[in-house]
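Contents: one structure, followed by commentary.
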Amino acid sequence: METQSQMSSADIAHRLIVGDCEKMHEIEDESVNLIITSPPYFNAPFDYSGVYSDYKHYLSVMTKIAHEMYRVLQYGRILVLNIDDMLVDGVKYPITADLTHIMTSVGFRYRDKITWKKPDGYLRISKRSGVLLQNPYPMYFYPDNLLESLLIFQKDKFDYSSITKDIKEVSRIDTDSFKSEKWYSSLWEITNVLPNAKLEKGIAAFPEEIPKRFIILFSYKGETILDPFVGSGTTMKAAKDLGRKSIGIEINPDLEGIVRQKCGFIGSNEFDLHVIRRGEDNYVRNNSNNNRN
């Protein structure tokens, strides 16, 4: 087991911290170049159900994590949150608005929003939207959601002159894909992870295409990408495949093996991953039967 002291990222390509991301003491100040993550959706049935005592507690935890993300992110760099509002026990919680307020209150600048649209075939009339079919009158309408938010924040302004010409060239973006796949749009149509996907069973994972695009658009080769809610390791895999370093934080120790398998940190490549196991009490596993990312 590694110690809890800070460690330099200079010689370590990929790190997995098994512990609570409210504390990121292993990560040095301003040592991360891009953060991409999908936080829990407040007691969603698929997402740490029952872990937070109430919505105020959830927002308090997210505020602590926001401060840590601000601390470790370099000036000028980007934070991306995949999040959306959540219906729990008949109450709709404005998570998108509240997390935007939290991020800006700790110092981030709100830069943009992209809407992720899942395929039309992904959605069916549910018990919620079907209320109107049973009661075809005004005031019975409740829509089902086919969209999620990709919120983009920035820590101050980026110094474009800080990147050498050589690094810019090896990180050049494929503009043909940028145009043909409509990355330029504020609406991204991306297929969701299928429920029966082998490595995502029981995990609310986002598709690899999401971190892939943001890593290409907002980081350079060799830089470090952080996902504080790394789950099955989707962001780490995308970073590794794109020639970046990565740091993942995951509170559930049961997912370490999934991260290793997904990212290829097994067999001859297992030593490419540096794991820090804090040995904290796993309140997620103790209080919930569901995992994330």
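The values are calculated or read from the model by the stated rules, or taken from the named source; none is laboratory data. These numbers were taken from a predicted model, which means no experiment stands behind them. Reconstructed Cβ throughout: ideal geometry from the backbone, glycine too, with neighbour counts over all protein chains shown. The protein model used for the area step is the full one, side chains on, heavy atoms only, and it has no ligands, DNA or RNA in it. Shrake-Rupley method; radii C 1.70, N 1.55, O 1.52, S 1.80 Å.
At a probe size of 1.4 Å, how large is the accessible area of R15, to the nearest 10 Å²?
The value for R15 is about 10 Å².
Under a cut-off of 18 Å between alpha-carbon atoms, report the aspartates and glutamates in cross-link reach of K113, not counting same-chain residues fewer than 8 places apart.
Of all the aspartates and glutamates, those that pass the test against K113 - Cα under 18 Å, at least 8 places apart if same chain - are D84, D85, D98, E148, D156, E181, E189, E209.
Can you list the lysines whose alpha carbon sits under 23 Å from that of K245, skipping same-chain ones fewer than 8 residues off?
Within the straight-line limit of under 23 Å, K245 reaches these lysines: K23, K155, K157, K165, K168, K212, K221, K237, K262.
Could you report the accessible area of H25 in Å², rounded to 10, computed with a 1.4 Å probe on the protein chains as they sit in the structure?
Accessible area of H25: about 50 Å².
At 0.36 nm per residue, and after removing the present C-alpha to C-alpha distance, how many nm does the segment from Y137 to R277 gain when stretched out fully? Walk me through the numbers before you get to the answer.
On the way: separation 140, 0.36 × 140 = 50.40 nm, distance 5.56 nm.
So the chain would gain 44.8 nm between Y137 and R277.
Where the accessible area of the stretch 144-185 is counted over protein heavy atoms with a 1.4 Å probe, how much of it, in %, is carbon and sulfur?
Working: 1440 of 2840 Å².
That share works out to 51 percent.
Which order do F153, F271, F178 take when ranked by solvent-accessible area (1.4 Å probe, heavy atoms of all protein chains), largest first?
Details: F153 0, F271 175, F178 70 Å².
Largest accessible area first, the list is F271, F178, F153.
What does the extension gain come out to for E209 and H57, with contour length at 0.36 nm per residue minus their alpha carbon separation?
Values: separation 152, 0.36 × 152 = 54.72 nm, distance 3.16 nm.
51.6 nm is the gain from fully extending E209 to H57.
For the pair Q261 and K157, how long in nm is the line joining their label points, each one 7 Å along Cα→Cβ?
For the pair Q261/K157, the computed spacing is 4.9 nm.
Could you give the length gained on full extension between K117 and H101, defined as 0.36 nm per residue of separation minus the Cα-Cα distance, in nm?
On the way: separation 16, 0.36 × 16 = 5.76 nm, distance 2.35 nm.
Value of the extension gain: 3.4 nm.
Could you put S232, S60 in order of accessible surface area, largest first, with the 1.4 Å probe and the full protein assembly present? Write out the running numbers ahead of the final one.
On the way: S232 0, S60 55 Å².
Sorted by accessible area, descending: S60, S232.
Can you tell me the FRET efficiency between T164 and S129 if r is taken as the Cβ-Cβ distance and R0 is 41 Å, rounded to the nearest 0.05? Spell out each step's value before the answer.
On the way: r = 53 Å, r/R0 = 1.29.
Calculated transfer efficiency: 0.20.
Which order do you get for L79, L87 if you rank them by accessible area with a 1.4 Å probe, largest at the top? If you can, show how the numbers build up before the last one.
On the way: L79 0, L87 55 Å².
Most to least solvent-accessible, the answer reads L87, L79.
How much solvent-accessible surface does L273 expose, in Å² to the nearest 10, with a 1.4 Å probe and all protein chains in place?
The value for L273 is about 10 Å².
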